[in-house]
Ligand code: ADP
Ligand code: ASP
Ligand code: MG
């Protein structure tokens with residue numbers, strides 16, 4: 001069997017949903033399992049609804065309602081099945097009730113956000129059935145068991161594998177195509193959770209891992225994994241093949257086309273991943289495989305903005321043992337994940353994706369080191385197998401940056417020889433990506 005995940009734009013209009021039906025028909029012999037995101041922008045709208053004042057509330061609610069009613073009317077017009085209308089109406093009622101409550105906890109936010117994926121999966125399952133493919137909507141709450149980190153929950157492998165197999169395998173045996181909600185799961189107690197923004201890619205990979213899929217397909221709105229974000233670099237091109245390691249680094253360092261955690265389950269179960277374009281299904285896309293190895297290349301350049309840079313300085317560090325362990329223990333205790341690290345005899349610099357839980361950690365750290373927190377920085381990462389072995393690679397990078405008067409605040413060269421990351425001012429991120437892409441990527 002294969003898992004095919006369709007993102008927000010892929011389910012946003014009738015024409016794209018018809019493409020999903022065609023793709024599913026073509027792949028039917030491979031026993032496809034479909035995973036879908038909420039309709040494009042719906043998760044953003046639900047988040048906005050939760051914080052809207054009474055003036056904006058009705059307006060945003062109307063937009064969510066229109067996104068779905070326009071979609072089903074576009075798909076079926078007057079022939080829209082009653083059950084679909086009723087499902088959307090009842091989901092909208094729940095949305096209104098939950099979002100209307102003042103002071104929502106993270107758990108309540110997840111109970112609100114899940115409706116985006118519930119509605120899109122219901123519509124897609126119905127579209128498949130009406131196009132002659134036996135299909136059923138499946139809520140990932142019945143498959144993916146997570147911890148209680150609402151908003152960015154992590155799946156529990158053993159429990160998830162058991163539940164997913166138990167629910168999905170009988171459907172596949174009966175020739176039914178399951179249409180599973182991306183982005184959501186449930187705790188052991190059955191409370192809905194979400195697994196982080198853009199998490200439907202990760203859902204697909206978790207489900208592929210749980211079922212031992214032959215392939216995981218990520219259908220999106222571009223022709224594959226590009227040499228840079230095509231919104232930043234117009235000349236960027238899709239890559240035909242990348243290695244598991246390259247894809248993991250690119251996802252972790254900002255290539256939005258793959259959620260940062262997507263590659264982990266795929267690597268664990270050795271499942272190839274393909275990135276394909278629903279808007280251009282004939283394009284070959286990008287293959288991500290384990291046995292792909294390249295001798296020294298820069299595959300792609302990615303970037304992240306609004307990261308937080310923490311500089312820690314202490315002369316106690318000089319020749320002392322266990323100092324770094326003490327520092328990292330504080331981050332771990334506060335559930336903070338570190339991206340880049342740079343160490344000297346008396347200082348440590350780390351970068352973080354955001355400043356969640358940070359105040360507490362900094363208060364503890366400041367008891368034994370001096371601490372400076374700097375915002376307004378970004379990371380530009382050059383990623384490729386064997387990157388550090390490219391002759392004069394650092395000289396080439398710094399010659400380009402020098403010409404553009406781009407100042408590097410921190411640099412990280414992974415010993416794994418796959419990633420060179422530069423910390424620079426947020427406002428210079430796009431310029432840096434463009435200049436390095438123009439100068440270093442051979443198209
Ligand atoms: P989906 O809704 O299908 O999950 P996303 O918006 O999450 O789609 O991801 C696709 C988008 O990722 C593309 O439209 C593109 O703008 C962006 N992107 C960023 N970096 C890259 C990259 N290196 N290659 C391809 N797309 C990228
Ligand atoms: N709908 C969710 C989001 O917008 C998940 C996804 O699109 O992958 O974050
Ligand atoms: Mg996405």
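Here's the yes/no breakdown for (1) out of contact with any strand residue (DSSP E or B) (no Cβ under 6 Å at 6 or more places or on another chain); (2) more than 15 Å from residue 249 (Cα to Cα); (3) not in a loop (DSSP other than H, G, I, E, B):
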{"residue": "266", "(1), (2), (3)": "no, no, yes"}
{"residue": "270", "(1), (2), (3)": "yes, yes, no"}
{"residue": "276", "(1), (2), (3)": "no, yes, yes"}
{"residue": "280", "(1), (2), (3)": "yes, yes, no"}
{"residue": "284", "(1), (2), (3)": "yes, yes, no"}
{"residue": "288", "(1), (2), (3)": "no, no, yes"}
{"residue": "295", "(1), (2), (3)": "yes, yes, no"}
{"residue": "298", "(1), (2), (3)": "no, no, no"}
{"residue": "301", "(1), (2), (3)": "no, no, yes"}
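Among residues that are modelled with pLDDT under 95 and over 24 Å from the mean Cα position of the chain (by Cα), residue 442 is included. Only residues that are under 15 Å from residue 307 (Cβ atoms) and more than 11 Å from ligand 3 (Cβ to nearest atom) were counted across region 251-265, and they come to 3.
Here 204, 247, 213, 255 are screened, and the one residue that is in contact with a strand residue (DSSP E or B) (Cβ under 6 Å, 6 or more places away or on another chain), within 11 Å of ligand 1 (Cβ to nearest atom) and in a loop (DSSP other than H, G, I, E, B) is 255. Counting the residues of region 1-22 that are more than 16 Å from ligand 3 (Cβ to nearest atom) and free of Cβ contacts under 8 Å to residues at least 60 places away in the same chain gives 1. Within region 130-150, at least one residue is at pLDDT below 95 and either more than 16 Å from the chain's Cα centre (by Cα) or farther than 22 Å from residue 244 by Cα (or both).
Of the residues 67, 4, the single one that is within 16 Å of ligand 1 (Cβ to nearest atom) and over 17 Å from residue 278 (Cα atoms) is 67.
You will find that of 64, 102, the residue that is surrounded by fewer than 19 Cβ atoms within 10 Å (Cβ to Cβ) and either farther than 27 Å from residue 283 by Cβ or in the same structural domain as residue 217 (by TED's automatic domain parsing) (or both) is 102 and no other. Filtering region 168-193 to residues that are assigned to a helix (DSSP H, G or I), crowded, with 16+ Cβ neighbours inside 10 Å and either within 15 Å of ligand 2 (Cβ to nearest atom) or without any contact (Cβ under 8 Å) to a residue 60 or more places away in the chain (or both) leaves only 171. Counting only residues that are closer than 23 Å to residue 125 by Cα and not in a helix (DSSP H, G or I), region 28-77 holds 11 of them. Restricting 252, 236 to residues that are within 25 Å of residue 37 (Cα to Cα) and surrounded by 18 or more Cβ atoms within 10 Å (Cβ to Cβ) narrows the list to 252. Of all positions in region 86-104, none carries a residue that is farther than 29 Å from residue 191 by Cβ and modelled with pLDDT of 95 or more.
With respect to (1) within 16 Å of ligand 1 (Cβ to nearest atom); (2) outside any helix (DSSP H, G or I); (3) under 21 Å from residue 26 (Cβ atoms), the lone exception for residue 196 is condition (3). Is region 305-316 home to any residue that is away from ligand 1 (no atom under 16 Å from the Cβ), outside the structural domain of residue 154 (by TED's automatic domain parsing), in a loop (DSSP other than H, G, I, E, B) and more than 14 Å from the chain's Cα centre (by Cα)? Taking every residue of region 305-316 in turn, at least one turns out to be away from ligand 1 (no atom under 16 Å from the Cβ), outside the structural domain of residue 154 (by TED's automatic domain parsing), in a loop (DSSP other than H, G, I, E, B) and more than 14 Å from the chain's Cα centre (by Cα).
Residues checked against (1) outside the structural domain of residue 114 (by TED's automatic domain parsing); (2) within 16 Å of ligand 3 (Cβ to nearest atom); (3) crowded, with 20+ Cβ neighbours inside 10 Å:
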position: 24; (1), (2), (3): no, no, yes
position: 36; (1), (2), (3): no, yes, yes
position: 41; (1), (2), (3): no, yes, no
position: 44; (1), (2), (3): no, yes, no
position: 48; (1), (2), (3): no, no, no
position: 55; (1), (2), (3): no, no, no
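The values are calculated or read from the model by the stated rules, or taken from the named source; none is laboratory data. In this text the structure is predicted, and so the values were computed from the model without any measurement. Every residue, glycine among them, receives a Cβ derived from its backbone with ideal geometry; neighbour counts consider all protein chains shown.
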